[in-house]
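The structure follows.
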């Protein structure tokens, strides 16, 4: 019996899948899952399938007293897309098999593009808490007003160097240094990430996107704060998706959760300050909701 990781996308017959595949992974900060779970709820999307696995470390999540598949597919007509919610961290050794299953589904459904949401834990300030893009040329051609290079082809403004590392818990971007382009031109809504590399499932998706027999691939990258959920990063990604697909998503529920999180950290800060006779070095971090490193 084979011990190789196996993934198979199982979809209900005669299902409308749209033109896009949007993938949310169990990254640090669970940004992709938070975003796509919110989208699914707001648009009351129907589950149309799941990913069957073998020889893969997994979990069985449950909601409302019922178990459910850890990797689920939903049809979201408002986005003209099928979204993938993967509530398990796919290890690097299984990444290629998972990516091939997704590309196989995209080919069978004749999808036009693949978008992955990738959250990375690296130090950054408020000005760098944003969404950046890494996309193949054909993906950029599909969204020229959103994902584009700076007009001078280089870096304008300040640069932020961030060290990022991947692991089996879902941090799929790694490298010695990643330079974030500080350009903010009128034609660039999602700024390009200048240098670095992806590993894990995002690395395989982006790399396979260079092949002619796969759909165009784009990756939305944002710094995040584990363990999560990072609501502020999630709201930024939703805004990026709105710009990318020209759709409006009601963010009020997420904003309420973000406000509750900030209130919680503010209370925690006050309690710790009292315990320390009013001296608590982490007060500013706590009052910000843990949103900046």
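The values are calculated or read from the model by the stated rules, or taken from the named source; none is laboratory data. Here the structure is a predicted model, which means the values were calculated and not measured. Don't worry about glycine lacking a Cβ; one is built from the backbone with ideal geometry, like all the others, and counts go over all protein chains shown.
Could you run through region 216-228 and say how many residues are under 15 Å from residue 203 (Cα atoms) and crowded, with 24+ Cβ neighbours inside 10 Å?
So the count comes out to 5.
Name every residue in region 129-151 that is within 16 Å of the chain's Cα centre (by Cα) and either modelled with pLDDT of 85 or more or not assigned by TED's automatic domain parsing to the domain that holds residue 213 (or both), in order of residue number.
130, 131, 132, 133, 134, 135
Take region 229-250 and flag every residue that is without any contact (Cβ under 8 Å) to a residue 24 or more places away in the chain and crowded, with 16+ Cβ neighbours inside 10 Å.
Of everything in region 229-250, just one residue is without any contact (Cβ under 8 Å) to a residue 24 or more places away in the chain and crowded, with 16+ Cβ neighbours inside 10 Å, namely 235.
Okay, next question. Of all the residues that make up region 191-203, how many are surrounded by fewer than 24 Cβ atoms within 10 Å (Cβ to Cβ) and either outside any strand (DSSP E or B) or not assigned by TED's automatic domain parsing to the domain that holds residue 130 (or both)?
Within region 191-203, residues that are surrounded by fewer than 24 Cβ atoms within 10 Å (Cβ to Cβ) and either outside any strand (DSSP E or B) or not assigned by TED's automatic domain parsing to the domain that holds residue 130 (or both) number 5.
OK, next. Going through 119, 99, 81, 86 one at a time, which residue ends up being over 22 Å from residue 242 (Cβ atoms), crowded, with 20+ Cβ neighbours inside 10 Å and touching a strand residue (DSSP E or B) at 6+ places or on another chain (Cβ under 8 Å)?
Selected residue: 86, the only one of 119, 99, 81, 86 that is over 22 Å from residue 242 (Cβ atoms), crowded, with 20+ Cβ neighbours inside 10 Å and touching a strand residue (DSSP E or B) at 6+ places or on another chain (Cβ under 8 Å).
Return a yes/no flag: does region 1-18 have any residue that is farther than 25 Å from residue 110 by Cα, in the same structural domain as residue 238 (by TED's automatic domain parsing), crowded, with 18+ Cβ neighbours inside 10 Å and within 21 Å of the chain's Cα centre (by Cα).
Among the residues of region 1-18, not one is farther than 25 Å from residue 110 by Cα, in the same structural domain as residue 238 (by TED's automatic domain parsing), crowded, with 18+ Cβ neighbours inside 10 Å and within 21 Å of the chain's Cα centre (by Cα), which makes the answer no.
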